Amino acid sequence: MFTFHHFNFNVLDLERSLRFYKDALDLTPVRAKEAADGSFKLVYLADAANSPFQLELTWLRDRTEPYNLGECEFHLAFTADDFQA
């Protein structure tokens, strides 16, 4: 058995992306993780109903070029009861 956990997008401008998801979908940050060296930041967004599925936004400090969806800089994550199976 598995369940959806989160979906990820890499973003070039984290603050702009946070405003977009708040204004368009009313998603707000529920947790964040930042690298000790400041090289990346992960922000997880959720809806007001606190559904278990979240949107992860990944910001990379050294990224300067806009992302192209053909780069496959995204992922879909699941939680599994039996990972090996």
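The values are calculated or read from the model by the stated rules, or taken from the named source; none is laboratory data. Just so it is clear, the structure is predicted and the values come from calculations on it, not from any experiment. For neighbour counting, all protein chains shown are included, and Cβ atoms are generated from backbone atoms with ideal geometry for every residue, glycine included. We work out accessible area using only protein heavy atoms, side chains counted, and drop any ligands, DNA or RNA first. Shrake-Rupley method; radii C 1.70, N 1.55, O 1.52, S 1.80 Å.
What's the ranking of 54-62, 10-18 by average number of surrounding C-beta atoms within 10 Å, highest first?
Numbers: 54-62: 16.8, 10-18: 15.0.
Most protected by this proxy first, the peptides run 54-62, 10-18.
Taking the square root of 5 times each eigenvalue of the Cα gyration tensor, what semi-axes in Å does the equivalent ellipsoid of region 25-69 have, largest first? Mind dumping the intermediate values first?
Numbers: eigenvalues 108, 40, 9 Å².
Gyration-tensor ellipsoid for region 25-69: 23, 14, 7 Å.
So what's the angle, to the nearest 10 degrees on a 0 to 90 scale, between helix 14-25 and the longest Cα principal axis of the chain?
Tilt of helix 14-25: around 60 degrees.
Can you give me the solvent accessible area of Phe53 with a 1.4 Å probe, rounded to the nearest 10 Å²?
Near enough 80 Å² of accessible area.
Whenever you get a sec, compute what percent of the accessible area on the chain sits on carbon and sulfur atoms (1.4 Å probe).
Numbers: 3520 of 6180 Å².
Here carbon and sulfur together make up 57 percent of the probe-accessible area.
Can you give the percent of C-alpha pairs in the chain whose distance is more than 15 Å? Mind dumping the intermediate values first?
Working: 2226 of 3570 pairs.
The proportion of pairs with Cα distances above 15 Å equals 62 percent.
Which value at 222 nm does the chain reach when only helices count, each DSSP H run of 4 or more adding -39,500 (n - 2.57), with the total divided by all residues and rounded to the nearest 500 deg cm²/dmol? Spell out each step's value before the answer.
Working: 1 runs with 12 residues, N = 85.
It lands at -4500 deg cm²/dmol.
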